[in-house]
1. How far is it, in nm, from the label point at residue 336 to the one at residue 139 when both lie 7 Å from their Cα along the line to the Cβ?
2. Going by average Cβ neighbours within 10 Å, how do the peptides 357-369, 189-201 rank, with the highest at the top?
3. Name all residues of segment 96-133 having a backbone nitrogen under 19 Å from the label point set 7 Å from the Cα of residue 351 along its Cα→Cβ direction, giving them as ranges.
4. Can you compute 3J(HN,Hα) from phi for each residue in segment 280-294, using the Karplus curve 6.51 cos²θ - 1.76 cosθ + 1.60 with θ = phi - 60°, rounded to whole Hz and x for Gly and Pro?
5. With only alpha-carbon atoms in the gyration tensor, what are the semi-axes of the equivalent ellipsoid for segment 197-259, in Å, largest first?
6. Please list, in order along segment 115-131, the HN-Hα scalar couplings obtained from phi with the Karplus expression 6.51 cos²θ - 1.76 cosθ + 1.60 (θ = phi - 60°), rounded to whole Hz, x for Gly and Pro.
7. Taking only protein heavy atoms and a 1.4 Å probe, what accessible area per residue, in Å², does the chain have with all protein chains in place?
8. Of 330, 47, 157, which has the most accessible area and how do the rest follow, probe 1.4 Å?
Amino acid sequence: MVSREDLRRLADFECPPGEFAVTFYYQPVTPKDKSHREESIQAKDLVRKTIQELELNGSSRPAVNDLHRILRLVESLHGNHGSAKLVFCCSTQNIWHEFDLPPVSFPTRLFVNRRFHLKPLAALFSDYPKLWVALADRQNARVLAIEFSQLKEELSVTSPLPRQGRSDGYAGYDAGHVQRHKEDEIRRHFQELAGFLKDAVLRKQFDALVFGCNDVNWPELQAQLHPEVAKKTLGHFSGEIASIPNDKAAAEALRVKRESLRKHHYSILNETLDESRANGRGVTGLRRVLRATELGEVDTLIMSQDYSGRAVECTNCRHLDSHLVPYCPVCGRATRELDDVCEALMPIAVRSNLRLVLLPNDEALNRIGNIAALLRFRADRNTNQLLAS
Ligand SMILES: [Zn+2]
């Protein structure tokens, strides 16, 4: 399992000139295909092909050794129990990090570069990695934590059944009393769950929350939620909570999360495009995105999943420029060319805690050069305001 701390450490790494950092994403096929063999053959072919290319270029021996080690790893994976495998290595710097992840939406890929390839991983961390599921009916409550594919039960309570039938009363008086007593107990039960979730949200134990409950209980439960908990709530699914197994509840919650994220991602894109048209808190195209990033204006980077763009990076001040100029326009020193600007942009995004949204390719994205950013503020705007006041 990979943590945000791991991601930061990987983002800080850059190998000396002439050496190579190798990144390997291995995505097994879904178990129902039962064709791990084929996937593993493709992965091995990919690694072998890269070894040949490196050898042809006379590139560094350590990188080739790293790739041979990855090849041996692939041979021993046998589908990796359905988990994705990530390897980040650079043997000259004694680095070998290996992580298992749930099947996620990146294909098997191999990258040999100065820095590690972090885009798919960084996007995962923007997608609420810590998801909680709160399951409740009128007597039971269960809370599950899902971090990537790992499940943990955080809470499981069964409130005693309200005493019933002790007295049906006379002329309905006691019956009404029993009924009120029962409703009080149910309310208290929901309040206790809401209190538990409130404490957890204040301790930042989850990024997002999905409820599972009967539709009839949902309004009553929702009414008890602390505003901070309500803010993190993505939605609810309906079901008989007492009998639903944890893995099924987790699958339902992940479905709610995916739908919610998809809507959320497109609303961020639309907001960015509107803001950009109004010359406000949105920019599109690599040149403007790089500028906004350097000014510290960016809140969210948005790009198509397989976006890559050529750029240069200053070897001295690290300025990034979409014009392939040999000398840095900021400090005048030599630049070096990047085949893919993401190599330099992702570490900045990770270090600055920028949200990263990857979207499937489409026309709207294509028209704006497949990259955009939603801004927190506009530096020029603030300066003008300051000068005016
Ligand atoms: Zn420079």
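1. The answer from the label model is 6.7 nm.
2. Numbers: 357-369: 14.8, 189-201: 18.8.
Sorting 357-369, 189-201 by mean packing, highest first, produces 189-201, 357-369.
3. Residues passing the 19 Å test: 113-123.
4. x, 7, x, 9, 10, x, 4, 4, 5, 5, 5, 5, 4, 5, 5
5. Values: eigenvalues 73, 43, 22 Å².
The answer is 19, 15, 11 Å, longest axis first.
6. After applying 6.51 cos²θ - 1.76 cosθ + 1.60, I find 10, 6, 8, 10, 4, x, 6, 4, 5, 4, 6, 7, 9, 6, x, 9, 10 Hz.
7. Working: 20440 Å² over 389 residues.
Per residue, the chain has 53 Å² of solvent-accessible surface.
8. On the way: 330 105, 47 0, 157 55 Å².
Per-residue accessible area, sorted high to low, gives 330, 157, 47.
The values are calculated or read from the model by the stated rules, or taken from the named source; none is laboratory data. None of these values were measured; they are calculated from a predicted model. Cβ coordinates were reconstructed from backbone atoms using ideal geometry, including for glycine residues, and neighbour counts include every protein chain displayed. These accessible areas exclude ligands, DNA and RNA; they are computed on the full protein's heavy atoms, side chains included. Shrake-Rupley method; radii C 1.70, N 1.55, O 1.52, S 1.80 Å.
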